[in-house]
Amino acid sequence: MPPKPHGQLRRGQLLTTYGPGALFDLPRHAAIVGGLDAWPLPSELEEIIEPRLTRTIQVITGVINPRLYAPPAADDAPGGKPLGVGVYRFPEWFVVQEAAASGSRTRSRRLVHRKLLDKSNKFDGLPVVATRFVAACSRGHIDDIDWRAFVHRGKTDCRQQLWLDEHGTSGDLGDLAVRCECGAERSLVEATNREAHPLGRCNGRRPWLGLDSNEQCGEPLRLLIRTASNAYFPQVLAVLSIPERDSGIDAVVEALWDELSIVQEPGDLRVVKRKLNVGERLAPFSDEEVFAAIQRKRSGVVPLEKPLKQVELDAILAAPEGYGDDVPLNEDFHVRRLPDQVWRKSSLSDGIAAVYQLHRLREVLALIGFTRFEAIMPNINGEYDQEVERAPLAREPKWFPAVENRGEGIFVQLDSAAVTRWLQRDAVQRRLKELAGGHVLWQARRNTKQPFPGGPYVLIHTLSHLLIQSLALRCGYPMSAIRERIYVDMVGQRYGILLYTGSPDASGTLGGLVQQARSLEEHLDHALRTGMFCSNDPICAQHTPNNTLEERWLLGAACHGCALVGESSCEMWNDYLDRALVVPVFGLEDAAFFAVE
């Protein structure tokens, strides 16, 4: 009889919150999600075809010809074969649930290793729970704390019983202490002193990859709380599927690779093209072009192509004018530019060049790695730099987990001439200099070379957040279900916002968001007027990015009371926001792109 699963997760969660290497709690155990080697075989999973995304993953990760597969889905049918994702028990140190002494403010509980538990996972007949404290390094490695070395302040031969003492009920680190029956004792707050390296050096342990998966490291270990939000930051790439005629011959060859992989010479290609589906899809290209693309695919050479977002921007802006009711339509990508007279009502929208309705869209997301403690942000093109260090999903990854969502969206294009005039204003240049100065401080703190995204990005990103808050009031979707995708083409001077929602269901979404494009000016008016004020003004409005006390170096006039949204909606982890660039705010009225009367 197949093993019964110990818990359930949505497929999308295996790419975000609970991907390989993530820590979580099962009903009876604490565990770490296993790497791809602990997943079902690729032959048992559903393959997702998105050539543009796989080529980008190859460039970023160095994996030759990677493939994408969806996480296993539950099969509740009688006799169905259960497919699950393997997990490993972690951590291996536990706290015994001792009875608290009556009237005492101090509670002492024994710390024991998993090897000392009986067959029913108890110690001396008492239940145990996994300790919430582990040790990790900046490279994603994670391990149990060496409790004996910690309490004795170094290596020791002492094997007497360890205790975790809690003074009070707050659970604060200052109220916790580890004690050995030999008399040694140490407060847990000392584990946070990063300069002293109280937890020692990392041995490169990667428990999500199974036994004997350690690698060389030596980084200082840091205290990590298992359930903390900084325990796992996934690196997810997202693309929109666009028609093959816009994505090039390499995308077509990728999609037909099962048939074209046998082609060794041009004569073989003519034979394969006799198949109806192959011949039709290769019809726009010459045999020489197709054969050259086959050779590139086989050798793993990735052709130089535009960044992910630039290709999408080209496809959106090339859409004809219309209302989206023409047939046949492409279920993956159906875009029409909404006629101006439908949505433009006044001079308020003078800074807006056009509005597009994405009646159908397909989004594919793929997980390529993860970090701990601090998130690594993608660049403004939605890609990660090759030199970015990430923890791997498998010992030798050949494929990556992915999901596809189908939905709808609104694309708002800003007027490039208006953006150029705005950038030339003295007040705007002064404000952008302050924002760039905060970015420099952030670079020094994070030891990163990620460049400042520029004034247009901060402007559009902030406007996007304000529009999301307005759209959520009327479109029928909660704010957390609306996502943004910011497009900034500095060379071509093209700027836009895609606000969209999606669902893994094959039918996609119901059209409530895309129809709000007709009322864009109403949403713009609401967004600008609410963005002028914040419940935390004047503190929020007068915040400067170079304030070392607050350390909010990537934010101008922006906080949780005005411009910040749920992280599921934001592509930049709620950074690079400033209301002062969008609308006049208290004390800074002359840097705004929009003039609100």
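The values are calculated or read from the model by the stated rules, or taken from the named source; none is laboratory data. As the structure is a prediction and not an experimental result, all values here were calculated from the model. With ideal geometry, Cβ positions are generated from the backbone for all residues, glycine too; neighbour counts draw on all protein chains shown. All accessible areas refer to the heavy atoms of the entire protein, side chains included, with ligands and DNA or RNA removed. Shrake-Rupley method; radii C 1.70, N 1.55, O 1.52, S 1.80 Å.
Per-atom-type breakdown for the chain gives carbon and sulfur 50% of the accessible area (1.4 Å probe, protein chains only). A crude spin-label estimate for the pair residue 521 and residue 108, with each label 7 Å from Cα along the Cβ direction, gives 7.6 nm.
Length gained on full extension, residue 430 to residue 170: 89.0 nm, using 0.36 nm per residue less the C-alpha separation.
Ranked from the most accessible area to the least, with a 1.4 Å probe and all protein chains present, what is the order of 56, 420, 17?
On the way: 56 15, 420 40, 17 75 Å².
Heavy-atom accessible area, descending, gives 17, 420, 56.
The phi-based Karplus calculation (6.51 cos²θ - 1.76 cosθ + 1.60; θ = phi - 60°) puts the 3J(HN,Hα) values of the stretch 63-74 at 6, 6, 6, x, 10, 10, 9, 6, x, x, 9, 5 Hz, whole numbers, x for Gly and Pro.
What relative contact order, as a whole-number percentage, does the chain give when Cα pairs under 8 Å and 6 or more residues apart are counted? After rounding, I find 13 percent. Taking a straight line from the alpha carbon of residue 433, these lysines sit under 23 Å away, with near neighbours fewer than eight places off in the same chain left out: 449.
Couplings 3J(HN,Hα) of the stretch 449-457, computed from phi: 10, 4, x, 5, x, x, x, x, 5 Hz, in residue order, whole Hz [Karplus 6.51 cos²θ - 1.76 cosθ + 1.60, θ = phi - 60°; x for Gly and Pro]. Under 13 Å of direct C-alpha separation, and excluding same-chain neighbours fewer than eight residues apart, residue 155 reaches these aspartates and glutamates: 146. Ranked from largest, the principal axis spans of the Cα set of the stretch 512-588 equal 44, 28, 18 Å.
Converting phi to 3J(HN,Hα) with the Karplus coefficients 6.51, -1.76 and 1.60 and the offset θ = phi - 60°, the stretch 357-369 yields 9, 9, 5, 9, 8, 10, 10, 10, 10, 10, 8, 10, x Hz in sequence order, with x at every glycine or proline.
Leaving out ligands and nucleic acids, and using a 1.4 Å probe, what accessible area per residue does the stretch 557-597 come to in Å²? Before the final figure, lay out the partial values.
Numbers: 1450 Å² over 41 residues.
Result: 35 Å² per residue.
Given just the C-alpha atoms of the chain, how large is their convex hull per residue in cubic angstrom? Walk me through the intermediate numbers first.
Values: hull volume 117.9 nm³, N = 597.
Residue-normalised Cα hull volume stands at 197 Å³.
For residue 384, the solvent-accessible surface with a 1.4 Å probe is about 20 Å², rounded to the nearest 10. The C-alpha atoms of the chain define a longest principal axis, and helix 308-317 lies at about 30 degrees to it. Our summary gives the stretch 29-136 a relative contact order of 27 percent, counting only alpha carbon pairs under 8 angstrom and 6 or more residues apart. For residue 219, the residues whose modelled amide H falls within less than 5 Å of its own, excluding neighbours fewer than 5 places apart on the same chain, are 202. On the basis of the beta-carbon distance and an R0 of 30 Å, residue 193 and residue 101 show a calculated FRET efficiency of 0.45.
Please say if the stretch 414-514 is rounded, prolate or oblate, where rounded means a/c under 1.5 for a ≥ b ≥ c the square roots of the C-alpha gyration tensor eigenvalues, and otherwise the choice is prolate for a/b larger than b/c and oblate otherwise? Since a/c reaches 1.5 and a/b is larger than b/c, the shape of the stretch 414-514 is classed as prolate. Look at where the Cα atoms of the stretch 36-76 and of the stretch 332-360 average out, and the two centres are 36 Å apart. If one takes the longest principal axis of the Cα atoms in the chain, at what angle in degrees, from 0 to 90 and to the nearest 10, does the Cα axis of helix 520-531 lie? So the inclination is approximately 40 degrees.
Longest span of the chain, sites excluded, free of trypsin sites (Lys or Arg not before Pro) in DSSP loop with at most 10 other C-beta atoms within 10 Å? Mind showing how you got there, number by number?
Working: sites that count: 28, 119, 155, 159, 274, 449.
It works out to 275-448.
Stretch residue 385-residue 41 to full length: gain in nm at 0.36 nm per residue minus the Cα-Cα span? Kindly include the intermediate steps, with their values, before the conclusion.
Details: separation 344, 0.36 × 344 = 123.84 nm, distance 2.94 nm.
Gain on stretching residue 385 to residue 41: 120.9 nm.
Could you sort 404, 50 by their accessible area in this structure, using a 1.4 Å probe and putting the largest first?
Values: 404 50, 50 15 Å².
The residues order as 404, 50, largest area first.
Between the helical axis of 426-446 and the longest alpha-carbon principal axis of the chain there is an angle of about 30 degrees.
Classify the stretch 121-210 as rounded, prolate or oblate, taking a ≥ b ≥ c as the square roots of the eigenvalues of its Cα gyration tensor: rounded when a/c is under 1.5, otherwise prolate if a/b is larger than b/c and oblate if not. Mind showing how you got there, number by number?
Working: a/c = 1.42, a/b = 1.21, b/c = 1.17.
Because its axes are fairly even, with a/c under 1.5, the stretch 121-210 counts as rounded.
Helical runs (DSSP H, four residues minimum) scored at -39500 (n - 2.57) apiece and divided by the length of the chain put the mean residue ellipticity at 222 nm at -6000 deg cm²/dmol.
Remark: the stretch 188-241 carries 47 Å² of accessible area per residue (probe radius 1.4 Å; ligands, DNA and RNA excluded). The alpha-carbon of residue 297 sits under 22 angstrom from the alpha-carbons of these lysines, leaving out residues fewer than 8 places away in its chain: 273, 275, 306, 398. Modelled label positions at residue 227 and residue 28, each set 7 Å beyond Cα in the direction of Cβ, lie 2.1 nm from each other.
For the stretch 94-226, the relative contact order comes to 24 percent (Cα pairs under 8 Å, sequence separation of at least 6).
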